[in-house]
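Encoded as structure tokens, the structure appears first; notes follow it.
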Amino acid sequence: MFSTSTATISFFFFLLISLAAIHAGDNGPSYSKLRHGYYSTTCPDAEITVKNVIRKNMIIDPRSAASVMRFQFHDCFVNGCDASMLLDDTPNMLGEKESLSNGGSLRSYEVIDEAKANLEQICPGVVSCADIIIMAARDAVLFSGGPDWAVKLGRKDSLTASQKDSDDIMPTPRANATYLLNLFQKFNLSAKDLVALSGSHSIGKARCFSIVFRLYNQSGSGLPDPAMNPEYRKKLDKLCPMPDGNLSVTVDLDSTPELFDNQYFKDLVNGKGSLNSDQTLFTLPETRKYVERFSRGEKEFYEAFVKGMIRLGDLQSGRSGEIRRNCRVVNQLVLGRRTEGVSRKTSLT
Ligand code: HEM
Ligand SMILES: *[C@@H]1O[C@H](CO)[C@@H](O)[C@H](O)[C@H]1NC(C)=O
Ligand SMILES: *[C@@H]1O[C@H](CO)[C@@H](O)[C@H](O)[C@H]1NC(C)=O
Ligand SMILES: *[C@@H]1O[C@H](CO)[C@@H](O)[C@H](O)[C@H]1NC(C)=O
Ligand SMILES: *[C@@H]1O[C@H](CO)[C@@H](O)[C@H](O)[C@H]1NC(C)=O
């Protein structure tokens, strides 16, 4: 009896190892099947744990809501929602943190670290950093007075990141509506999705760095953007003077920067969009239509926004992944097998 069960256990152990070996040799693309309640048995408190961290940090730093929800855009556009943007650079890998759009701009990484640390306490090795980003974005919008929605989970974390991919993909604040429509279409996101998702700029701030060209040299004309409301321009001129203003000073993205509402669209209608990429949505008929509709109907905005966030969250690269223990580092480096981790990474890039 005893020996039988030992044999049985040994057999299963052998099977497990074989499966692991087969799996490790399998470098084919993997797409995760995302679903609601993914952690309901493996980590039932996952969602409430993230919520508590988001709420706590908003009390300390109200802007952290905006900063954290922005992660979903910068993560999902660059090789899918895989937390690649959370990886720190290594001697062998230039990650996304210092890319053109992210360097000196993305902030509140430590909020995700805190959520991850708390999750590792209650269910180690279970909840991916990629899923934390998705939950955090939803919670940040909800706690800013915006809509609530159910998030699909089950993503894996990437084994690598690419500064070049981020540079190539992420749009600049100078972008015009034609460019943005084409870019979003590459991700199967419609004009309505583009306008609704840009409504994220209902919360948060931008640096003078992102708007001085609009204020002083739109399209190389040597003149300010004529689409800008003159009173609003005066206000921005004061905040972001040229040539020796401080480009790190911040301006609100809309006139209610801590409230997730449809004020952003009312501001665009009045020529008070902060970024060129915002105001430009009021120029083309395909996007202007939605700016007008959302400025009149907050409910329609919320519905379109939630749909857009779900589509954005569905983007996957098909690359292989893992559940990182620390969102900033791939597991092989955390576990100290430094050489192996580095050579593996090189072969993946
Ligand atoms: C449509 C193309 C987009 C462009 C060109 C763009 C560009 C920008 C820029 C330049 C900033 C300010 C950065 C700085 O000066 O440091 C910003 C802030 C922000 N963006 Fe976007 N963005 C776009 C779409 C989105 C989307 C789709 C989301 C979310 C789903 C988003 C969420 C945010 C948030 C919340 C902030 C404020 C962050 C903070 O206060 O820390 N953006 N964006
Ligand atoms: C929009 O931007 C693209 C790319 O920067 C540029 O080629 C195009 O001429 C611009 N279109 C308009 C109408 O300004
Ligand atoms: C967009 O949709 C097409 C057709 O359904 C699909 O082949 C393609 O992979 C999708 N692209 C992305 C980025 O999801
Ligand atoms: C405005 O932009 C154009 C084109 O980028 C450039 O040639 C010109 O020097 C700029 N003017 C100023 C005052 O910065
Ligand atoms: C520029 O502004 C930022 C943000 O307000 C501030 O932290 C920094 O100290 C300022 N730099 C200078 C040189 O004044």
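Some points to look at:
- Selection within region 297-338 - under 18 Å from Ser162 (Cα atoms) and within 16 Å of ligand 3 (Cβ to nearest atom): Leu315, Gln316, Ser317, Gly318, Arg319
- Selection from region 119-160 of residues that are within 19 Å of Tyr109 (Cβ to Cβ) and of a type in the set (Lys, Arg): Arg138, Arg155
- Lys238 basic (Lys, Arg) and touching a Lys or Arg at 6+ places or on another chain (Cβ under 8 Å): no
To keep it simple, each residue is scored yes or no on (1) touching a Pro at 6+ places or on another chain (Cβ under 6 Å); (2) more than 20 Å from His201 (Cα to Cα); (3) within 16 Å of ligand 2 (Cβ to nearest atom); (4) open to solvent by 40 Å² or more (accessible area, probe 1.4 Å).
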| position | (1), (2), (3), (4) |
| --- | --- |
| Val127 | no, yes, no, no |
| Ile134 | no, no, no, no |
| Ser144 | no, no, no, no |
| Val151 | no, yes, no, no |
| Lys156 | no, yes, no, yes |
| Lys186 | no, yes, yes, yes |
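- The residue pairs whose first member lies in region 47-68 and is among the β-branched types (Val, Ile, Thr), whose second member is open to solvent by 20 Å² or more (accessible area, probe 1.4 Å), and whose beta carbons are closer than 7 Å, counting only pairs six or more residues apart or on different chains, are Thr49/Asn118; Thr49/Ile122; Val53/Glu114; Val53/Asn118; Ile54/Phe143.
- Residue ID - farthest from ligand 1 (Cβ to nearest atom), chosen from residues in region 203-232 that are closer than 30 Å to Leu142 by Cα and touching a Pro at 6+ places or on another chain (Cβ under 8 Å): Ile211
- For region 291-339, the tally of residues that are modelled with pLDDT under 95 and among the aromatic types (Phe, Trp, Tyr) stands at 0.
- Flag for Val212 being open to solvent by less than 80 Å² (accessible area, probe 1.4 Å) and within 16 Å of ligand 5 (Cβ to nearest atom): yes
- Annotation: of all residues in region 257-286 being within 23 Å of the chain's Cα centre (by Cα) and open to solvent by 40 Å² or more (accessible area, probe 1.4 Å), the one that is nearest to ligand 1 (Cβ to nearest atom) is Glu258.
- Selected residue (criterion: farthest from Arg138 (Cα to Cα)) from residues of region 38-48 that are open to solvent by 20 Å² or more (accessible area, probe 1.4 Å) and not in a loop (DSSP other than H, G, I, E, B): Ile48
- Spans of helices (runs of 4 or more DSSP H) in region 63-159 with at least 1 residues out of contact with any Ser or Thr (no Cβ under 7 Å at 6 or more places or on another chain), among the β-branched types (Val, Ile, Thr) and away from ligand 1 (no atom under 13 Å from the Cβ): 109-122, 129-143
- Residue satisfying all of: in region 150-191; under 28 Å from Leu94 (Cα atoms) and among the basic types (Lys, Arg); farthest from ligand 4 (Cβ to nearest atom) among these: Lys156
- Selected residue (criterion: surrounded by the fewest Cβ atoms within 10 Å (Cβ to Cβ)) from residues of region 86-115 that are β-branched (Val, Ile, Thr) and under 23 Å from Arg207 (Cα atoms): Ile112
- Every residue from region 163-184 that is surrounded by fewer than 21 Cβ atoms within 10 Å (Cβ to Cβ), in contact with an Asp or Glu (Cβ under 8 Å, 6 or more places away or on another chain), under 29 Å from Arg324 (Cα atoms) and not acidic (Asp, Glu): Gln163
The values are calculated or read from the model by the stated rules, or taken from the named source; none is laboratory data. Remember, it's a predicted structure, so these values are computed and weren't measured experimentally. For neighbour counting, all protein chains shown are included, and Cβ atoms are generated from backbone atoms with ideal geometry for every residue, glycine included. Protein only, heavy atoms only, side chains kept; ligands, DNA and RNA dropped before computing areas. Shrake-Rupley method; radii C 1.70, N 1.55, O 1.52, S 1.80 Å.
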